[in-house]
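Enquirer: Input: one structure, supplied below.
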Amino acid sequence: MTDDYITDANKLSIIEAALRNAYAALDKRYNDLVAWNATTQSEFQTMFGTTSADARKEIMERIYCMKEHIILNNFIALKRDFYTGKMKRGYTEQFFETNDDSYAHVYHNDVDMEIYLDKSFWTAPALGRDSQMGTIVHEMSHFSGVAGKRSKDYRYGLIAAKQFAISDPKKALYNADNFEYFIEGGPY
């Protein structure tokens, strides 16, 4: 793991694209939950094991909070302070690079909400299943300051997430992979 923020311009552009894609996906899913058509209900049932109004409200609130966090923390637009010319704290100071073999990790009690991007993040597709966008959504869902009740890693992988939705719908609502896969969208 490095001790410095990511400064490589190419990697910063990948992060910025992942954040923009995350915002767009969260916005789409929020609107899907508002419309609540048969397709969305089926996908929700598959990933969370329920279509209850309370579960839908919980996921809508998490999505709303994550969208707000992306905007309020300058995650989408890197900005310079007008007076000092220095970069304002934003996404460039919340992402670190590691040499771990997974996609990413966080420390859920981290008040700075820093995300450590691992090797697999950089080779993941920008969009789709297990994508860079999905990784950002997954990791952000672990922070209670972003998503209300923080998610946990009860199960990993699509098959395990789908089975978890059937066996324990209450916990599936708070499993980071279930949330990630719902935001990434079907088919499942």
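The values are calculated or read from the model by the stated rules, or taken from the named source; none is laboratory data. Computed from a predicted model, the values in this text were never measured in an experiment. Cβ sites come from the backbone with ideal geometry, for glycine too, and all protein chains shown count toward neighbours. The protein model used for the area step is the full one, side chains on, heavy atoms only, and it has no ligands, DNA or RNA in it. Shrake-Rupley method; radii C 1.70, N 1.55, O 1.52, S 1.80 Å.
Enquirer: How much accessible area per residue does the range 112-188 have, in Å², with a 1.4 Å probe?
Expert: I get 40 Å² per residue for this part.
Enquirer: While we're on this one: For the pairs LYS11/LYS149; LYS67/LYS170; LYS119/LYS152, flag any whose C-alpha to C-alpha distance is greater than 26 Å. Working shown, then result.
Expert: Details: LYS11/LYS149 30 Å; LYS67/LYS170 23 Å; LYS119/LYS152 21 Å.
With Cα atoms farther than 26 Å apart: LYS11/LYS149.
Enquirer: Moving to a separate point now. Sort TYR181, TYR103 from largest to smallest accessible area, using a 1.4 Å probe on the heavy atoms of the protein chains. Provide the component values of the computation, followed by the final result.
Expert: On the way: TYR181 5, TYR103 90 Å².
Descending accessible area places them as TYR103, TYR181.
Enquirer: Something else now. Treat each spin label as a single point 7 Å out from the Cα along the C-beta direction, and report the TYR107 to ALA24 distance in nm.
Expert: 3.4 nm
Enquirer: Give me the compactness ratio for the range 101-188, meaning the Cα radius of gyration over 2.2 N^0.38 Å.
Expert: Details: Rg = 12.4 Å, N = 88, 2.2 N^0.38 = 12.1 Å.
Against the empirical 2.2 N^0.38 Å value, I get 1.03 for the range 101-188.
Enquirer: Taking all protein chains together and a probe of 1.4 Å, list ASP32, ASP101, ASP112, ASP177 from the most accessible to the least accessible. Walk me through the intermediate numbers first.
Expert: Details: ASP32 30, ASP101 115, ASP112 70, ASP177 10 Å².
Highest to lowest solvent-accessible surface, that is ASP101, ASP112, ASP32, ASP177.
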